[in-house]
Amino acid sequence: MLDQLVEEYGPNLSVIRYYTSGYIDPFHSYNPVEIDARIDYYDNFYSPQLFVDGIMDCGPGYPYWEDSIQVRMQAASPLEMSLIGNYEPEDRYAELDITITATDEIDFSDLRMQCALVENDIFFDAPNGVKYHSQVLRDFIPTADGEQFTISNGETLQFQRNTVIDNVLIDDSCEFVVFVQDNSTREIVQSISLKVPDMLPPPPVSVLMIPDNPPVVVPAGGSFTYTGILTNNTDQPQSTDLAVVIDVPNYGIYGPVARYNNIALTPDGFISVDNITQSVPLYAPLGLYKYYAYCGDFPQQAIDSNYFQFEVTAPRGGDAQRWETSGFPELVRNLPGTVSILNHPNPFNAKTTITYDLPQASDVNLSVYNILGQRVETLIDGYRQSGLNSITWDASEYSSGIYFYKLDTGDIVFTNRMVLLK
């Protein structure tokens, strides 16, 4: 249940699991001192037990966990946080830069900044039948006591944390979770997380897929559409293969359902393709799928990948007979040469103005996505007049990196890249 909630809420939900010492397992025995310290802090006496932001004991009743999370998410926080970092895989050294800003009056008496390292996708055949475990606490940096601090409305504080990730941990599965907690009441005021793979320099070529109408729910025999983006992250020409495969429930990986070889990318350029259509055959089993795109020298070496989920449901509809992808060869275009929407400055810190030209008045949706394809903000969703229009995006609460903004007028979709540098 908790894994499903983490998948559903994405970056809006940070989770740390502390395993009790009820029996010998590799989770508790890795760092029993700090795990026991947190379990004692919460007066935990049964398992599973969910604490939402430290103050809501949701008990072991899985059906009530999501309701509790939704209730707590309605509570406004007086703090904003940003988290960026660098990771050197050769020496396994991680550097974190943490920013905490007070945007309202602070009524907490004993604030502590905590920095935790968790590991995901650990295989262990547990007695309860669960084989893969995520958000498992590995370490507090520097200790489980955290760092006490004070902050006033309008003030910004900077913290830095450095650590070496233990060789027994899989660095690609590790994630840093930083949170601020009132040590006396146990209330967590704000949190943010950063996965170790996102701390690495970008690959030479990266791939991104943005579904048009998330969450994607489609009947067998129907289809869904999305935008695909290939980006050259270097100042040299690049050539890459692109392949799309599908993780089918109770079957495994199927495909490639689409494959394109030797796609040329100009220096610092990208190719964006809108309205790529994926058909879902009538024989597709019902359930939750993952839709993957890989770029690189496929299948020998994939240098980057991206995915989103879609669900096949009853009743069945449409008449598609096979997995078929259409749209890429017909619609591919290099937006830097024909762009009718741009932002300035680019790169920027921390505000940029997006200007677009509408040939006629229409309903407009302008949204910003991170490099994982997750929507981070909707800037415009409504009717706009024809001609030049502009809007400023304030990205001060977001971490440095590559972002995409997507303009959808119903008839035309434009996607562009921008770089936030702090």
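Read-outs: derived from the displayed coordinates by stated rules, not from any lab. Because the structure is predicted, anything quoted here is derived from the model rather than measured. Backbone-built Cβ (ideal geometry, glycine too); neighbour counts: all protein chains shown.
What the Cα convex hull of segment 248-291 gives, in volume per residue, is 117 Å³. In the chain, the calculated helix contribution to ellipticity at 222 nm averages -2500 deg cm²/dmol per residue, counting -39,500 (n - 2.57) for every DSSP H run with n ≥ 4. In the chain, taking the dipole from charged Cβ atoms about the Cα centre, the farthest positive-side position among N120, I402, F176 is held by I402. Scaled against 2.2 N^0.38 Å for its residue count N, the alpha carbon radius of gyration of segment 2-199 is 1.01. When exposed loop sites are taken as chymotrypsin sites (Phe, Trp or Tyr not before Pro) in a DSSP loop with at most 10 other Cβ atoms within 10 Å, the longest stretch of the chain clear of them is 47-422.
State the Cα centre-to-centre distance between segment 55-119 and segment 125-192 in whole Å. Segment 55-119 and segment 125-192 have Cα centres spaced 8 Å from each other. Measuring between their Cα centroids, segment 251-272 and segment 357-402 lie 26 Å from each other. Only Cα sites of segment 336-389 enter the Debye sum here, all with the same form factor; the resulting log10 I(q)/I(0) across q = 0.21 1/Å is -0.97, listed in q order. Placing one equal scatterer on every Cα of segment 143-187 and applying the Debye formula, the log10 ratio I(q)/I(0) at q = 0.17, 0.27, 0.30, 0.33 Å⁻¹ is -0.73, -1.20, -1.31, -1.39.
Once you charge only the Cβ atoms, +1 for Lys and Arg and -1 for Asp and Glu, what is the size of the charge dipole of the chain about its Cα centre, to the nearest 20 debye?
Once rounded to the nearest 20, the dipole reads 1160 debye.
Which of the three applies to segment 104-173, rounded, prolate or oblate, going by the alpha-carbon gyration tensor with a ≥ b ≥ c and a/c under 1.5 meaning rounded?
Prolate, since a/c reaches 1.5 and a/b exceeds b/c.
Here the chain yields Rg over Rh of 0.97, to two decimals, using C-alpha coordinates and the Kirkwood radius. Size descriptor for segment 156-215, Kirkwood hydrodynamic radius: 15.3 Å (Cα pairs only, one decimal). Shape summary: segment 205-335 maps onto an equivalent ellipsoid whose semi-axes, from the alpha-carbon gyration tensor, are 28, 15, 12 Å in decreasing order.
Taking every DSSP bridge with both residues inside the chain, close to 95 percent are antiparallel. Per-residue Karplus couplings for segment 357-362, computed as 6.51 cos²θ - 1.76 cosθ + 1.60 with θ equal to phi - 60°, are listed in order as 10, 9, x, 8, 4, 6 Hz, Gly and Pro entered as x.
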